[in-house]
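See below for the structure under consideration.
Please treat every number below as a calculation from the coordinates, not as lab data. These numbers were taken from a predicted model, which means no experiment stands behind them. Please note: Cβ atoms are built from the backbone with ideal geometry, for glycine as well, and neighbour counts cover all protein chains shown.
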Amino acid sequence: MDLKEKKIHNIKNELRTSSNVSYDQLHHYAALFEEYKSYKYDSAYVYAVRTLDIASKLNDPGKIVEAKVRLVFCFLSSGLFKEAFDIVKDSDIDALSPAVKLEYSKIMARLYYDMADYNGVEPFKSQYITKGNAYIEQAIALIPVNTVEYWSAMGLMKMKQKDYNNSMDAFREVLKKSKDNHEDAIAASSLAYINSLTNQHDEAAINFVKAAISDIKSATKETTAMRNLATLLYQSHADINQANRYIKVAMDDANFYNARHRKIEISSILPIIEKERFDLIEHQRNVLIWLVVSVTILLILFLGATLIIRKQLKKLNIARRTIQEQNEKVLFTNSELSEANKIKDKYIGHFFYVNYQYIDKLEHMYRIINRKVAMRQFDDFAKMFKEADILQERENMYVTFDQTFLKLFPDFTNEYKQLFPPEEIAHMGIENGSLTVEMRIFALIRLGVIESEKISKFLNYSIHTINTYKTKVKNRSLVQNELFEQKIMEIKSVKSDIDK
């Protein structure tokens, strides 16, 4: 990122010396767009608009189409597919250079492919893919054979045609020939996607990791590799803690890039992974409690057996003294006492054996505990037995959820309050940086979690309690009950500011 910022700074310095409304100025604006397009959405959009403005003033058809292609990229990153179509629908590229036709064909292919992924409903999905394939074929015809760009386009086309073997071969050629981290990330991520489709989950994880590493090296923030890696780890139950860590990194990248489309994708999976992580911690806590209870019972039994043995030893010593005192009186009595002494000896031996069994069982249980602790990799065994730790984990989960949600919807609290009369707002008890239970319910609904059962599990309330909360809130609002959730869904996330 430091290298990226330094390069941007140098280009801006060069821009200050260029003439207004000139090709030199257009060149520098285009260079800034290239640096920002996968780094910061707002800035990329600003410079895309400026290239279109300069190209229009220069009245250069080729540069105008190139500028529109840049705007289409920005619109795709925000999920604005209609706007992307509108900006290029009247473009005439027949008389333009092969280089411009190539960029136009590539962006149109991606536009239709992204539409197919977003729509996902037949027959529209297949229609979009067919149109995308037509454009990618036009692009391939303009690319020199056996270049990185050629194999990248070929891999994309084969993947959309579900020719996965040839698609993977093409992307492997990209990784073999490429010397660019961003190209490597796209190829590795595409390979991972195909691995996932063909149930090669280990290979998919490896390739998603490679893609994420390449994204980091190229300071790319407009990325899907980290999110897909987190989703894969969650779905395969491989490592829920790593999945939780990666999805938070992905959310940080999405917030930094600041494109609505990416943040919506990540916010749909983040609360689910966070809930799964909490369930895992709670399960581990229950296992540890069971182990501690079992060990405690064994210790109590061991102490009880020890006390019994000591009492028996005392009784035996008393009996021996009695036998010695009575030994000279009568031989018959002495014989009976001797027999009783043998019985006592056997009794003591029995308790020693019982004591040994308890010790043996205790040692065996300790070995089991040690193995389980080693297998679970618990760093602090004692702290895990405290109920307060689990409650704190739950509070930490809600704090993390609130912070993440309020980053995505910073105006949620204010717009939520506008749905209520002033006297209700005064009793809400809203604190900066956190949500109330009622607000958290509707925050989950705003994220698309509308089932009361799922909300109840996440907030650790009964379904009846959740429904009661929802009814009370709606009854206190200024909005009709049946329209309240619609108003919640209308609350917008972070808005892009193109003037930044």
Subject >> In order through segment 86-103: 3J(HN,Hα) via Karplus (6.51 cos²θ - 1.76 cosθ + 1.60), integer Hz, x for Gly, Pro >> reply: 4, 6, 10, 5, 9, 6, 10, 10, 4, 8, 8, 5, x, 5, 5, 4, 4, 4
Original post:
Taking a ≥ b ≥ c as the square roots of the eigenvalues of the Cα gyration tensor of segment 387-489, is the shape rounded (a/c under 1.5), prolate (a/b larger than b/c) or oblate?
Top reply: prolate
Subject >> Order of Phe124, Phe302, Phe75 under a 10 Å beta carbon neighbour criterion, fewest first >> reply: Phe124, Phe302, Phe75
Original post:
How high is the FRET efficiency between Lys12 and Thr471 when r is their beta carbon distance and R₀ equals 51 Å, given to the nearest 0.05?
Top reply: 0.35
**OP:** May I ask you to order 195-205, 246-256 by the average number of other C-beta atoms within 10 Å around their residues, highest value first?
**Re:** 246-256, 195-205
Original post:
Which of Lys12/Lys492; Lys417/Lys457; Lys40/Lys82 have a Cα-Cα distance over 31 Å?
Top reply: Lys12/Lys492
Original post:
Which ordering of Val287, Val72 is given by a fewest-first count of other beta-carbon atoms within 10 Å?
Top reply: Val287, Val72
**OP:** Can you tell me the order of 448-459, 315-326, 414-425 when each peptide is scored by its average per-residue count of other Cβ atoms within 10 angstrom, highest first?
**Re:** 448-459, 414-425, 315-326
**OP:** Would you calculate the separation in nanometres between label points at Ile213 and Lys179, each defined as 7 Å from the Cα along the Cα-to-beta-carbon direction?
**Re:** 2.0 nm
**OP:** Using 0.36 nm per residue of separation minus the Cα-Cα distance, give me the extension gain between Lys457 and Gln161 in nm, one decimal.
**Re:** 102.5 nm
Original post:
Order of 58-65, 32-39 by packing, highest average Cβ count within 10 Å first?
Top reply: 32-39, 58-65
Original post:
Say the dipole of segment 106-219 comes from +1 at the beta carbon of Lys and Arg and -1 at that of Asp and Glu; which of His182, Asn195, Gly120 then lies farthest toward its positive end?
Top reply: His182
